[in-house]
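The values are calculated or read from the model by the stated rules, or taken from the named source; none is laboratory data. A quick note: this is a predicted structure, and the numbers were derived from the prediction, not measured. Neighbour counts run over all protein chains shown; Cβ positions are idealised from the backbone, glycine included.
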Amino acid sequence: MWRYLPTFRLGMLVKIDTQEVFAAVKKLRDNLFKISFTLLVVVVIAAFFIARSVSRPITELTRISKTISEGELSARVEIRTKDEIGELAASFNQMTDKLVEAKVNVEQKKAEVEEQKRLLEEANKELDSFVYTVSHDLRAPLRGIDGLANIIEQDYAEKLDDQGKDYLSKIRKGAIRMKQLIDDLLTLSRISRIKNPYEDVNMNELLNSVISRIEFDIKEYKVELMVAGDLPVVHCDRIKMGEVLLNLINNAIKFSSKNKNTRPQVEVGYNDRNEAHEFYVKDNGIGIDKKYH
């Protein structure tokens, strides 16, 4: 490198070694590279430990979740920090505690149900035994009543007037109805365990049979009984349906007869509700308090 100096009318020539000039730059470059590499290593190591500190509790949480899902409800997550991960672990443990509590409640309820089932089975056995004994004890005197009525009807028919014969006929009909009641009682005792086959039931015939069973009460209380005609044929349980109608009509007679100022009135009716049959029993009794509706 040279340069002219007019003041001195001279020229100056300067010579510099390039290696000496770039030595400092090269040194600076090497230092920057070392610093950058060191920082990169530090960042990678820090990132590894940070990632591990975050993923480790999540992995642990996943492992505990799998253990709990397999039925081991005693497993718990260890809470190491108070940050969001720690709060998540605490919430998970609370959820597991509630799950254990719910399981205990379910097991208690299950035990109660099993105990109730056992008591019910024992009660059913006792009921079967009671019904069998009562039915067996009732059949013997009933056969005696029917047999004696039959003997009187055959041997003393000429000594009885029309009213006596009518009473005797009613005794025999009552005995027959009583026998049917005993048979129904035996069937009803097995209703909770035996599903009666459904059949097409003529409701007019069923209702007439029910009314015949309470004919004495109807006449005694002078009940004005109104029954709808042309009742449908219903596919149902004949025994259960008969007992329902009997109970409803009996209740209607019982409560309407308590009103001494008017004659007891009982109405048995029917409404066609398209896909359902609606039967009803009305009376002019005291009615049912609204709080029991």
In region 163-213, which residue that is modelled with pLDDT under 80 and of a type in the set (S, T, Y) is surrounded by the most Cβ atoms within 10 Å (Cβ to Cβ)?
S189
Of those in region 103-150 that are under 19 Å from D183 (Cβ atoms) and of a type in the set (D, E), the residue surrounded by the fewest Cβ atoms within 10 Å (Cβ to Cβ) is D137
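Please determine whether any residue of region 139-158 is in contact with a Pro (Cβ under 8 Å, 6 or more places away or on another chain), in a helix (DSSP H, G or I) and not acidic (D, E). Talk me through it step by step, then tell me what you get.
The initial filter retains those residues of region 139-158 that are in contact with a Pro (Cβ under 8 Å, 6 or more places away or on another chain), namely none.
No; the residues of region 139-158 include none that is in contact with a Pro (Cβ under 8 Å, 6 or more places away or on another chain), in a helix (DSSP H, G or I) and not acidic (D, E).
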Go through region 259-293 and give me each residue that's assigned to a helix (DSSP H, G or I) and either charged (D, E, K, R) or in contact with a Phe, Trp or Tyr (Cβ under 9 Å, 6 or more places away or on another chain) (or both).
K290, K291
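Residue by residue, here is whether (1) hydrophobic (A, V, I, L, M, F, W, C); (2) modelled with pLDDT of 80 or more; (3) on the phi > 0 side of the Ramachandran plot holds:
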{"site": "L10", "(1), (2), (3)": "yes, no, no"}
{"site": "Q19", "(1), (2), (3)": "no, no, no"}
{"site": "A24", "(1), (2), (3)": "yes, no, no"}
{"site": "K34", "(1), (2), (3)": "no, yes, no"}
Candidates V223, V233, filtered to the one that is among the hydrophobic types (A, V, I, L, M, F, W, C), surrounded by 18 or more Cβ atoms within 10 Å (Cβ to Cβ) and touching a helix residue (DSSP H, G or I) at 6+ places or on another chain (Cβ under 8 Å)
V223
Collect the residues in region 264-291 that are surrounded by 10 or more Cβ atoms within 10 Å (Cβ to Cβ) and charged (D, E, K, R), keeping them in residue-number order.
E267, K282, D283
Sole residue being farther than 30 Å from N284 by Cα, in a helix (DSSP H, G or I) and touching a Phe, Trp or Tyr at 6+ places or on another chain (Cβ under 9 Å), chosen from L186, L248:
L186
